[in-house]
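Worksheet for the structure shown next.
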There are 2 protein chains.
Amino acid sequence: MARTPNDTREKVYRFVRDRLLAGRSPSVREVQQAMGFKAVESARSHLSKLVEAGRLTKADGQARGYGLPGRVGDRSARVPLLGRVQAGALTEALETPDGWVITWARPGATLFALRVRGESMSGVGIMPDDVVIVRRQPRAEEGDVVVAMVEGEATVKTLRFVDGGVVLHAENPAFAPIIPAADALTLLGKVVEVRRFLDLDWLPAWPS
Amino acid sequence: MARTPNDTREKVYRFVRDRLLAGRSPSVREVQQAMGFKAVESARSHLSKLVEAGRLTKADGQARGYGLPGRVGDRSARVPLLGRVQAGALTEALETPDGWVITWARPGATLFALRVRGESMSGVGIMPDDVVIVRRQPRAEEGDVVVAMVEGEATVKTLRFVDGGVVLHAENPAFAPIIPAADALTLLGKVVEVRRFLDLDWLPAWPS
DNA sequence: GTCGAATGCAGACAAATGTCTGCCTTTGGT
DNA sequence: ACCAAAGGCAGACATTTGTCTGCATTCGAC
């Protein structure tokens, strides 16, 4: 067999995987050097075997085209982070977001993100300054956490139906439910994801 | 000046940024084609201007070497989601993650993700089944939310120092603090991000 | 031992990609 | 009107990167 045992394949895989998780694909020659191969082909043959085995993917004809199998970057989506959203201003706010959030793509859905203000949803673990990712939709179901416009302000609440009417329920006993007039409520969408960043040193500013 | 107004620069930037947020840097000729330029140099000059202006970064001498500036989002990173992590098994668990989570890359840091079990951290909004993203590091500071190994099990707690000793503090009055023996504690890392998915229909299975 | 598969080495070649030079057109200022 | 700067075009060239061919070495299977 080979001069070295089968570990080499594994080392190649780990090196490529780590580089991919760190951000970008290595080139074949970078693998060669990292592994101590004297010839490019050694690295390349290992790489092609790994692709063949389904442990790596490859964008053909592209430099640094290796990737991890499954939904890599193709299914990820960037979501605009909007500060505060006024009534009709959502469309305009989309033009100048505060930043961007990365998440898995929901094909066919329109997503945006908001920063939460206030403690009104702390009972379900949505704290001030959390970022909620919202899917735009005109209606929602009982119990959904939604973002709604009430009196020109976007608010995050739990949607409930009481006596045929709509109630925006705060998940915090200190906050009273909101019972908006039927025509004073605009549902912006449903909260599909909640995020909290505990390591602000690493996020001094939102990428824009 | 130019034939077209300054918007061109902006369009180039957006194209590159979107491609970067989607996963990988475009090549100069891909920018050329996307913008409808007839010559490569048009695209390249815009790119170099953007780098000059600090709006993009560039890995010199590397194919597809453009990135977003700042320590924040040079690019997105895939983080392995590990189920439960046993003592020495973290390295092996990296080989067969339950899935992947996308977040901003923290250059130079090793990240992994865990699913939270139990209510012990509900006081700070970390609920059961939440996903925490953890940066590996051997020590942390007072008040940090950390992942630590105690008796062969990974646990999420707040780190506190009391009387010179380490206390793992639960953020829920129903849970008593853990005071591990000095040599029975292994700090896996610090929680840098918390995520909750409220729309499981859209995430029927974890991407793998 | 002999064979073959797997691995490694060496070198060359081709494709992708980045970079440079020169020139033209447009636009804004003087 | 004139000039300078910026943007754009065309083509060439250099570097990086991927890929191919051929051969040598190792080691397990027979």
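Couple of notes before you dig in:
- Cross-link pairs beyond the 23 Å C-alpha cut-off, checked among A:Lys58/B:Lys38; A:Lys190/B:Lys157; B:Lys58/B:Lys190; B:Lys11/B:Lys49; A:Lys11/A:Lys58: A:Lys58/B:Lys38; A:Lys190/B:Lys157; B:Lys58/B:Lys190
- Annotation for B:Glu119 and B:Met35: the two label points, set 7 Å from Cα along the Cα-Cβ direction, are 5.8 nm apart.
- Net charge of neighbours whose Cβ lies under 12 Å from the Cβ of B:Val145, counting Lys and Arg as +1 and Asp and Glu as -1: -2
- Projected onto planes of every orientation and averaged, the convex hull of the alpha-carbon atoms in segment B:7-67 covers 3.7 nm².
- Residue-span extension gain [B:Ala174 to B:Thr8] - 0.36 nm each, minus C-alpha spacing: 53.8 nm
- Each residue, B:Ala182 and A:Thr110, gets one label point 7 Å from its Cα in the Cβ direction; the gap between the two is 6.1 nm.
- Computed FRET value (nearest 0.05) for A:Lys49 with B:Asp98, which takes r as the C-beta separation and R₀ as 30 Å: 0.70
- Residue by residue along A:123-132, Cβ atoms of other protein chains within 10 Å of the local Cβ number 3 on average.
Throughout, read-outs are computed from the coordinates displayed, never taken from laboratory work. Values in this document were obtained by computation on a predicted structure and should not be read as measured data. Cβ atoms come from the backbone with ideal geometry, glycine included; neighbour counts cover every protein chain shown.
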